[in-house]
Amino acid sequence: MENNKEAIIIGAGLVGSLWAVYLSKAGYNVTIYERRSDIRKAEISAGKSINLALSVRGWTALDAVGVGDEIRKIAIPMYGRLMHDIEGNLTYQQYGKEGQAIFSVSRGKINAKMMDIAENVGNATIHYNHECKRVDLEKGIIYLTNTITGEEVVKSAPIIFAADGAFSAVRYNSMQKLDRFQYSQNYIADGYRELLLPANPDGSYKMDKNALHIWPRGRFMMIALANEDGSFTCTMFMPHENDEFSFDKLKTKADVDRFFRTVFPDFHQMMPNVGEAWEDHPLSNLAIIRCYPWTKGKVALMGDSAHATVPFYGQGMNAGFEDCTVLNNLMHKHQENWEKVFEEYSETRKPDGDALQDLSLDNYYVMRDYVADPEFLLRKKIEAKFSDLYPNKWLPLYSQVTFSNIPYSVAYKQGQVQNSIMDEVMELPNIHYTWDSDEVMNVILSRSESFNFDV
C-alpha cells in the first residue's frame, strides 16, 4: 500500500464510514473528523431515531467491499407492508417477488457498527469532538475546533469528502458562500415523533416482526419497524398545526391518550401508557435539501450533505451508500484523476438525487392515502401479475427503486410512463372482474413495448 495517498472525511456517520473502506482499499490513508462524541461509548436506545431500511443499493455498496455480512447480523428482513385499519383489520401487501425483503436496522446500531468497520477494515483514524468551521476548497485545507479543549486544528489533504449530514458544516460554511452555488431547503408541513413499543414481558414481539407496519389515516400515518430486542420503533407523521389532529393539539397526556383511543385503537391496546411515553422522544422536522454543484476544488459532498430527503421511500441511507458505489466506479474509470472524478460525479449523480427526492415525496402520499385504498391495491395486483408474466417488460416502480440498481432518475421516468399506462387500464370496463384476463394483460403488453428490464 502506498502511504503518500491521503484523504480526509468530515463525518463518521454511515456514508463517511463506508467511504473510508473504499478509499482504504484503493490505498489511501484515511482520517475522519466527527463533530459528535463516540456514540459507541453511550447507551444506544433502540428508538433513538427512525429505523432505517436497507435494500439492494445499500447491500450492493456494502458487499462490494466485503462488509455486508457484518450488517446482516443486526438486520431484520421485512417481506411486505402490513396495514392496520381503524377497526384493527390487517391487510398484507408483499413488497416484491417471493423472498424479496427490505431490512430494518437501528440507526444507532448500524452507525456504531459502521464506525467499527471504518477502523478495522478501512484502517481509518477517527477524531471525535472535532467541529469543522470551514474549508479552503481549492487548497484542500480544513479548519476545525476541538470542542472539548477549544484547540484550533488545521489539516490538509489532496481530497476531502463531506459526509456530514443534511445540515453539513462544509456545505453551509464554505460551499454556500460560492458564487452561483444553488441551494434550497424545503420543510414539509409534517413533523414526526417516535415511540418505542416495548416487547411482551417474555421478550416476544407484539406484532409480526417481518413486516413494516403502517397505520394509514389520510392526512397522517404511523409506521413501525422491528428491533432485535422484541421492541418496535414507531414513528408518527402528522402536521405540525392546522389539523384536527396535529402536533400542536396534543398538549396533555389525556389528549394523547384520547387521540390514540380514537384513531389507533389497536395500537392503544398494545401500548395503553402511550400518553406517558409521548414525550420520550423530541418532535422533529422533515426537510428536502437540494444543492449544486456537489464538488468544488478538492472537496466533494456525499450522502445527506448533497441530497437530503424525507424518509418515505426508505432510501436515504441506500442513496448515500450508492454514492460510494458511484464514486468508486469513477475513481477507477478516471484512474484517480480526482478533478475528472469530481466533475463527472457532480453532473451524473445530481439527477438521481433530485429523482429520489421526488420519489420520496410521492411515496408519502402512497403510504398515507393509498395503501389502504381498494383501487390502489387492485392496481398493484394487476402490475404484479403482468410483471410475473413478462418480467423483462414490467418492473413495478417500487421494485425498480428498492430491488434493483437502476438509476433513480431512470426509475422515476419509467415509473411515470407505467403510471399513465395503469391509469388507462383502470378505466377499462369491468376492470374489477376482468383484471387478470388475457385481454387486460395484452393491453398492458401493447403499451409497454418500450421497456426492457434486464432481470
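Observations on the model:
- Cβ-based net charge around Ile421, under 13 Å, with every Lys or Arg adding one and every Asp or Glu removing one: -2
- In a fully extended conformation the segment linking Ala189 and Glu449 would gain 89.6 nm over its present Cα-Cα distance, using 0.36 nm per residue.
- For segment 89-192, the residue among Gly140, Asn89, Ser174 whose Cα projects farthest onto the positive side of the dipole built from Cβ charges is Asn89.
- Simple point charges give the picture: +1 on the Cβ of Lys and Arg, -1 on the Cβ of Asp and Glu, and for segment 1-149 a dipole about the Cα centre of about 140 debye.
- Estimated translational D of segment 189-285 in µm²/s (Stokes, Kirkwood radius over Cα pairs; 10 °C; 1.306 mPa s): 116 µm²/s
- Computed magnitude of the charge dipole of the chain (debye, nearest 20; Cβ of K, R +1, Cβ of D, E -1): 840 debye
- Here the relative contact order of the chain, from alpha carbon pairs under 8 Å that lie six or more residues apart, stands at 18 percent.
- The charge dipole of segment 204-337, taken about its Cα centre with unit charges on the Cβ atoms of Lys, Arg (+1), Asp and Glu (-1) only, comes to about 340 debye.
- Positive-pole candidate from Ser55, Gly108, Leu196, dipole of the chain, charges at beta carbon: Gly108
- For segment 179-231 and segment 93-152, distance of Cα centres in Å: 22 Å
- Unit charges at the beta carbon, dipole of the chain: most positive-side option, Ala20, Thr233, Val417: Ala20
- Net charge, Tyr128 excluded, C-beta distance under 11 Å - Lys, Arg +1, Asp, Glu -1: +1
- Relative contact order computed over segment 50-196 (Cα-Cα under 8 Å; 6+ residues apart), in percent: 16 percent
- Based on DSSP H segments of at least four residues, each scored -39500 (n - 2.57), the chain has a per-residue ellipticity at 222 nm of -11500 deg cm²/dmol.
Read-outs throughout are calculated quantities, based only on the coordinates presented, and are distinct from any laboratory measurement. Keep in mind the model is a prediction, meaning the values are calculated, not measured. No Cβ is skipped: glycine too gets one built from the backbone with ideal geometry, and neighbour counts run over all protein chains shown.
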